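What follows is one structure encoded as structure tokens, with my remarks underneath.
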Amino acid sequence: MKLQDIWTPLKACILVTRRCNLRCDYCGVVDHSCKGELSSQAFRRVFAATRALGVGINIIFGGEPAVKPGIENMIEFLNKGGHPYAFITNASFPFQKYESLKLRQLSCSVDLIEGFDIRKHSELKSQKGMSLLLEMRKKRPNMDLLANVGLSRFNLHLVPGMVEFFSEHNIWVIATPLHDDPFLGRHWLYRKPGVHPGRIGKRDRDALLRFCDHMVVLKKSGYLVHQFLPFFEYYLPRYAIRLNWHCSIPSHLSINPDGGLLCCIDHAGRRVSRYKVWDLLDPKVLMKFKEDFVLDVRDCPGCCWDHIIESEHMYKENPEQGKRNFIHAD
């Protein structure tokens, strides 16, 4: 039996490192170190596995991928191999570094979460992300560019205007609700422990619904909103406040810097974390992994991560389109 007859993940979210040069107040990635981080050369084994499994796109992030030793060689390898990828960065390095990588796609955080005292690194990331995207657009008119916007209770009214601005510069926008960790670190690998002041709550329901309605209008009017319509029509209004959407099937891969697997970037999974991605090249192991994933996600309190929601939705409805859904330009 062919591997892709058993399971084909739509994408692979690959943490090439958990190291980062910034310390943003909502991100806990660097708080969970990973022993045995693969070298840039060894990562070719990861990319070979995702290709064999039929993955549609590799999402390269961290931590901060630009601090990864040999990241230039990794991107060159992906470019030569023709495998689609996205590169997600905090944009804190000089423009020349990103230009020299010859990236095919670039995604930057432009959080602009206002209404409370943003820590220096979060503010820096937003400023640098805005500058990098606009500069890259001037240099690379046809490059696929994305702005990642963190939704908070303080900026819901601002984000539609950001969509209009970025659309004018041919830059796509991904708007994702701020996730925190009220369970104080019992489950999460990405979120900081505690309740974040920007988290969207019950008191913000009316503002959230107005925001979702506005985003639907923008999307239908041709503005460059990355997420699919059901995210704003159904999922975000229903799950953004309690962060309690639950996945039910494996629709994508999440890969640690050592090649190990996770249920997602937030939730490791007691069973799933025992696998390496190249283990899945054995059909019997691949079938067991799928079973273990379903068991492990039962322990997850939930989320409202758009990329996971969309992956599962597309996996069920139209997997081939789902493989291409993170790509907007050649």
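Read-outs: derived from the displayed coordinates by stated rules, not from any lab. Given the structure is predicted, the values throughout are model-derived calculations rather than measurements. Here the Cβ is made from the backbone with ideal geometry for all residues, glycine too, and neighbour counts use every protein chain on show.
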Distance (nanometres) between label positions extended 7 Å along Cα→Cβ at K138 and L209
4.4
Note down the nm distance, to one decimal, between modelled labels 7 Å out along Cα→Cβ at R324 and at K80.
2.8
Phi-derived 3J(HN,Hα) across the stretch 155-160 with the Karplus relation (6.51, -1.76, 1.60, θ = phi - 60°), rounded Hz, x for Gly and Pro, is 10, 4, 6, 8, 5, x
Do any trypsin sites (Lys or Arg not before Pro) in the stretch 1-95 lie in a DSSP loop with no more than 15 other beta carbon atoms within 10 Å, and if so, which?
K2, R23, K35
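For the stretch 8-323, what does the relative contact order come out to in percent, with C-alpha contacts under 8 Å and a separation of six or more? Write down the numbers at each step before the final one.
On the way: 593 pairs, mean separation 63.5, N = 316.
Contact order relative to length: 20 percent.
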For the chain, modelled as a GNM with alpha-carbon contacts under 10 angstrom, which of Q227, Q127, Q96 fluctuates the most?
Q96
Cα extents of the stretch 261-311 per principal axis, largest first, Å, are 32, 20, 14
q = 0.15, 0.19, 0.24, 0.28 Å⁻¹, the stretch 219-282: log10 I(q)/I(0) [Debye, one scatterer per Cα]
-0.67, -0.84, -1.00, -1.17
Rounded to the nearest Å, what's the spacing between the alpha carbon centres of the stretch 194-230 and the stretch 29-94? Just the number, please.
30
Mean-position separation - Cα centroids, the stretch 270-330 and the stretch 125-174, in angstrom:
28
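How big is the equivalent ellipsoid of the stretch 217-330 along its three axes, where each semi-axis is √(5λ) from the Cα gyration tensor, reported in whole Å from largest to smallest? Let's see the in-between values first.
Values: eigenvalues 152, 61, 27 Å².
One finds semi-axes of 28, 18, 12 Å for the stretch 217-330.
Looking only at the chain, where both bridge partners belong to it, what percent of the DSSP beta bridges are antiparallel (to the nearest 5)? Can you show the working numbers first?
Values: 6 of 33 bridges.
Bridges in the chain that DSSP calls antiparallel: roughly 20 percent.
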In the Gaussian network model of the chain, springs joining C-alpha atoms below 10 Å, which of S100, S273, S167 carries the largest mean-square fluctuation?
S100
The long-range amide H neighbours of V149, using H built 1.01 Å from N in the peptide plane and a cut-off of under 5 Å, are V110, I174, A175, T176
What label, among [x] 175; [y] 122; [z] 225, belongs to volume of the Cα convex hull per residue in Å³ computed from the structure on display?
[y]
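Helix-derived [θ] at 222 nm for the chain: sum -39500 (n - 2.57) over DSSP H runs of at least 4, divide by residue count, nearest 500? List each step's numbers first, then the result.
Values: 11 runs with 113 residues, N = 330.
Taking each H run of at least 4 residues, the total per residue is -10000 deg cm²/dmol.
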Most fluctuating of R153, R104, R270 in the GNM of the chain (C-alpha, under 10 Å) is R270
